[in-house]
1. Take the stretch 28-48 and flag every residue that is at pLDDT below 90 and either part of a loop (DSSP other than H, G, I, E, B) or surrounded by fewer than 10 Cβ atoms within 10 Å (Cβ to Cβ) (or both).
2. Determine whether residue 22 is more than 13 Å from the chain's Cα centre (by Cα), surrounded by fewer than 10 Cβ atoms within 10 Å (Cβ to Cβ) and free of Cβ contacts under 8 Å to residues at least 40 places away in the same chain.
3. Do we find that residue 7 is assigned to a helix (DSSP H, G or I) and exposed (fewer than 10 other Cβ atoms within 10 Å of the Cβ) in this structure?
């Protein structure tokens with residue numbers, strides 16, 4: 001299962017937009033969902 005999340009993390013990095021320089025309080029609901037999804041996948045791919 002960990003391999004699946006590692007692959008998803010790589011795909012997310014290339015496909016989904018980056019939110020590094022944006023104010024998190026001013027994001028739309030869709031943007032917040034994307035950030036939550038990216039966080040979940042990244043966290044799962046790094047678990048031991």
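The values are calculated or read from the model by the stated rules, or taken from the named source; none is laboratory data. Just so it is clear, the structure is predicted and the values come from calculations on it, not from any experiment. In this analysis, Cβ positions are derived from the backbone assuming ideal geometry, glycine residues included, and neighbour counts consider all displayed protein chains.
1. 47, 48
2. So residue 22 does not fit the description; no.
3. No, not satisfied.
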